[in-house]
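Here's the structure we're looking at; comments come further down.
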Amino acid sequence: MSDKIIEMKSVNKWFGDFQVLKDVNLDVNQKQKIVVCGPSGSGKSTLIRCINRLEEHQKGTIIVDGNELTEDTKNIEKIRAEVGMVFQQFNLFPHLSILDNCTLAPIWVKKMPKKQAEEMAMNELKKVQIADQAKKFPGQLSGGQQQRSAIARALCMEPKIMLFDEPTSALDPEMIKEVLDAMVNLAKGGMTMIVVTHEMGFAKEVADEVIFMDEGMIVERAPTKEFFANPKSDRTKLFLSQIL
Amino acid sequence: MNSKIRKIIPQIITLLVVVLIFGFFTLNAQVNMDNRGIEFGYGFLSQESSFDVQFSLIEYDGSHSYARAYLVGLLNTLLVAFIGIIFSTIIGVIVGIARLSPNYLIERSAAFYVEFFRNIPLLLQIFFWYFAALRALPLPQDADAIFGVFFLTIKGLFVPRFIWENLDIFFYSVIAAIISIVVIRNYAKKLQENQGKQLPVFSISVGLIIILPLLAFLIGGVSLDFEIPVLEQIATTSFIYNGGLGLPPELIALTLALALYTATFIAECVRAGIQGISKGQKEAAASIGLTPNQVLKLVIMPQALRIIIPPTTNQYLNLTKNSSLAAAIAYPDLVLVFAGTALMQTGRAIEIVSITMFTYLSISLFISVLMNWYNKKIAIKEK
Amino acid sequence: MSKINFLTPDKDNLNTYLYTGSFLFFIAVFDVFLSSFFKINITSFLPNILSFLLPLILGIIGLHLIRIEFSGIKNLDLLNKNINTSTFNAVLTLLIIFTIIKSIPPILSWFVLDANIAGDSKEACTGSGACWTYIKIWLRRFVYGMYPNDFQWRINISFILLVALAFVGYFPSEKLKKFLTLYYVVIYPIIAFILIYYLISGGAFGLEWVETGAWGGLSLTFIVSFFCLIFCFPVGMFLALGRRSQLPTVRYISVGFIEFWRGVPLITVLFMSSVMFPMFLPEDFFMDKLVRVIIAISLFEAAYVAEVIRGGLQALPRGQYDAAKSLGMGYWKMHIFVILPQALKLVIPGIANTFLALIKDTPLIFVVGLLEIVGMLNLAKTNPKWLGFAMEGYVFAAIIFWIICYAMSKYSYNLELKYKTER
């Protein structure tokens, strides 16, 4: 029984004529925390969006928790229920309260009874320190509070993998810490996480491996310490010098 | 294979349902037509129509074909649409800009105009103008001449008719003027790009459009004469104007109502367009040294027009479609002439209604396509 | 006292300018007032055209004099910035004021002072103003059409019930709130249909049958608007979703349907419904005129509603679709719980506009022989005992429509504001 929960082999993707992913190979084990970094336009977001099929790859194979993602995938919703995603723009549902945001999918997709869903939701909200805002609406919360709610919302589906697409890039500096703290806690709890981010401090603290992507290819992948101490490729060195 | 099937099955079902519905209708139509002995075919279009039309832009009487009657109706519709569009645009732009005036009185008056004419059904407005307002106009014999040559009476507006000599030469001179203006504009643009010099293109264009047609008059043998309407007695108490062009009160009531009604919507479009340009644009433009006129021409209007033009074109379409209300006051537009009189005479319901709807559809689609092309061309590029 | 230059008013001699200017302005207004209200021409000693233009000239001079920048008096500055920024502006202001003053007496006299409302025949209208007697006598017809007088209570009861049931939405407890949508979309229309069918149309339970051709007037306007409103909304919603569907067949059929109905005038659609429908249905299948009209108008308006809703669907940020998908929601769940609730709130003004257009389109049903209020007006004005009162009729109908449409647009505007602040 392979420990691998995500397998990507020779994945290629084009947007029209523009190739955004070039022959990407990536394996992720359970409970692994991986940080993906790179300049903008390198394909990092596209990469993780392929994992829950918000984007479709044209060549190569992607296997998530034993299910291959192809054109003929049935029950894509089921696979998506096992992969949670946190977006840069939070994407909370503005017409529902935080609590309702969190219980919506469990009730209607997992067919959970309402009471049970609400209990679980309050638990998740407590974990990200936002339980007191449960009845408020997204528009009434700050950016950091919204993003933490979004994390709780994703966690309410009890996913096996959590994908983060630049979760702190849209936040004011003083709110970044609270979101990162929530993510650190999540990591400590054993979740498999793939995080696209520029927050290298977070990478150093939590990530098992760091991947550097540029122009659609994985340029370098190494365990965290080695990545920062001894970057092998020149491009990696250039990138690190610019952001550290 | 599952995903493909999930995509194909609903499509097949939908297609099947649509085909079934159409089949059901066609079958019934066949049966009904057979039972009543009506044949189906468009050949009747070349038959003699044997009915007259009150107002027509082209030569027509009962001995012409139904096809020609269709043309008469179509031209009348286009005439109303054309005049209506021009007037509604003028009024709409003025009212729209007035709505943004800092002057309380002007802004309120414009708002009053919009709220007033917008909330009353168009049909009611047409009826009002035709049955109530225009009935109050004087009889031909009592009418005062406006500027000496226009007569506004209960039987219509009588205007002088143009009589052209060598109209084609005048036509060519206008075309020549337009072509030379285009050439000069392109040349001026290139000149500006290469050397930075700016030609007074506007003045040159105005000059050309006046001089060339003028030359046509002076040396081209074009002459313009006016036929002024003259009061004539056709019965003991009945007078009419002869000569000149008579615009029937139906046409006047229709265009008046259409223009006033549609202008309210255009005013709102214009207002939204101009308000949509943030103040920062004007400030930024002024801060780089552009004159107020240049700010308007280079920064404000291009952006505002992008917002204004699509919904305004929609309103033009609505106006054209609303012109079909002419049937209510017996103005011989396409619907009344063709789908009304011709249909009653020949009983060819399906053929005639289909042709009529197809005509309107074509006009709408044509303008939609034009609009889409224009939108794509000027779309502000975004990520 | 520094020099007083009448061409350039300035702060120094504020009072002089102020008083002279205001004085001239008020004389101008007063002159117009006198001449229009009391028909007194105080400048009759001047030649005709001068007498006509004098108020304008005086007003312009007056406003010019008080156009002092930064006078220090707050109200004056406000006034100047508002109506007096330049001569052109001043002229417009004066023209508007004069027009208002000049138009009040004729309007007042036609509507009220010289109008008649007493009596019950044409002879009672002796004044030169409006003959409201005509409206009074014909009011029943204008509201109920040709519906028999004795049975008009049935229409009254139906409407009262319908209106009462519409307000049910304000009462229920938290538990019942979720059934509200179901109520409005399914139950309420069914109740309405039953009411209309049995109470107004009759033919059962001892109530005499009244054919739909006899229905008319304002009650018909409401019935047609009501049912078309109810039907066009769900149809439009499906069309909007269909147009954005990924399945090509569904998409092309939706587009074709929408563009077809949007490309043709309503009057041809109504022609089609009365002339062509019988051709397309089996020989003995008779569909009531009113039903045909309601179907035709509903399909027509549904295409417009579809476009409005589509605008809302497009305006939603893609992130909402992404987030819902990432939570494992399928197409229908995503749309019902996340997309549509937001999209519909966005397009409230557009939908209100379409509803308004629907109400204003109802007079067109005269082409199939159904007489709602405008139709009844046209009928009434040709009655030989009451010739020549077309104006009163149209004004009456205009007022009614105006009130309804204006109220509705204000309501939708408030609704829009309410939803904007809720977010």
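What follows draws every value from the coordinates through simple rules; no lab data is involved. Given the structure is predicted, the values throughout are model-derived calculations rather than measurements. As a convention, Cβ positions derive from the backbone with ideal geometry for all residues, glycine included, and neighbour counts pool all protein chains shown.
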Those helices of chain A passing the 15 Å axial Cα length cut-off and the mean Kyte-Doolittle cut-off of -0.5 (DSSP H runs only) are A:98-108, A:173-188
Within the stretch C:91-114, backbone nitrogen closer than 16 Å to the virtual label 7 Å beyond the Cα of residue C:56 toward Cβ: C:91-103
Could you put C:367, B:270, B:53, C:163 in order, starting from the residue whose Cβ has the fewest other Cβ atoms within 10 Å? C:163, B:53, C:367, B:270
For the stretch B:234-383 the mean separation of alpha carbon contacts under 8 Å (6+ apart) over residue count, i.e. relative contact order in percent, is 23
At residue A:68 and residue C:73, where each label point lies 7 Å from the Cα along Cα→Cβ, what is the point-to-point distance in nanometres? 8.9
Which of the aspartates and glutamates could a cross-linker span from residue A:237 if the Cα-Cα distance has to be under 19 Å and same-chain partners fewer than 8 positions apart are dropped? A:199, A:209, A:214, A:215, A:220, A:226
Subset of C:102/C:122; A:160/B:7; B:282/C:74; A:44/A:204; B:321/B:377 violating a 24 Å alpha-carbon distance limit: C:102/C:122; A:160/B:7; B:282/C:74; B:321/B:377
In the stretch B:101-138, which residues have a backbone nitrogen under 15 Å from the label point lying 7 Å from residue B:330's Cα in the Cα-to-Cβ direction? B:127, B:130-132, B:135
Partnerless cysteines (no other Cys beta carbon under 4.7 Å) identified across chain C are C:228, C:232, C:405
Starting from the Cα of residue C:39, draw a straight line to each of the aspartates and glutamates and keep only those under 20 Å, dropping any in the same chain fewer than 8 residues away. C:31, C:114
Write out the GluC sites (Glu not before Pro) in the stretch A:90-140 meeting two conditions: DSSP loop, and at most 15 other Cβ atoms within 10 Å of their Cβ. none
Grab the beta carbon distance between residue C:415 and residue A:244, set R0 = 60 Å, and tell me the FRET efficiency rounded to 0.05. 0.70
Compute the helix-to-body angle for C:74-83: its Cα long axis versus the longest principal axis of chain C, expressed 0 to 90° and rounded to tens. 70
For chain C, take the longest principal axis of its alpha carbons; what is the angle in degrees between that and the long axis of helix C:48-66, to the nearest 10 within 0 to 90? 90
Quick shape check on the stretch B:106-239: root eigenvalues a ≥ b ≥ c of the Cα gyration tensor, a/c under 1.5 is rounded, otherwise prolate if a/b tops b/c, else oblate, and it reads oblate
Other chains near C:267-279: what is the mean number of their Cβ atoms within 10 Å of each residue's Cβ? 6
Does the stretch B:1-152 come out rounded, prolate or oblate, given a ≥ b ≥ c as the square roots of the eigenvalues of its C-alpha gyration tensor, rounded meaning a/c under 1.5 and, failing that, prolate meaning a/b above b/c? oblate
Out of all DSSP beta bridges in chain B, what portion is antiparallel? Express it as a percent rounded to 5. 100
Kindly work out what percent of the DSSP beta bridges joining two residues of the protein assembly as shown are antiparallel, to the nearest 5. 65
Expressed as a whole-number percentage, the relative contact order of chain C with C-alpha contacts under 8 angstrom and at least six residues apart is 14
Distance in nm between label sites at residue B:27 and residue C:34, each 7 Å beyond Cα in the beta-carbon direction? 8.6
Can you give the mean number of other chain Cβ atoms that lie within 10 Å of the Cβ atoms in peptide C:87-95? 2
Just tell me which aspartates and glutamates come within less than 16 Å, Cα to Cα, of residue A:59; anything on the same chain fewer than 8 places away is out. A:7, A:17, A:23, A:68, A:71, A:72
Using only DSSP helix segments of four residues or longer, with each worth -39500 (n - 2.57), what per-residue ellipticity at 222 nm results for chain A after dividing by its residue count and rounding to 500? -11000 deg cm²/dmol
In degrees, nearest ten, helix C:217-243 long axis to first principal axis of chain C (Cα): 70
When only C-alpha pairs under 8 Å and at least 6 residues apart count, what is the relative contact order of the stretch C:343-400, in percent? 20
Would you mind checking the pairs C:333/C:360; B:279/B:376; A:136/A:177; A:127/C:333; A:126/A:232 and listing those with alpha carbons more than 32 angstrom apart? C:333/C:360; A:126/A:232
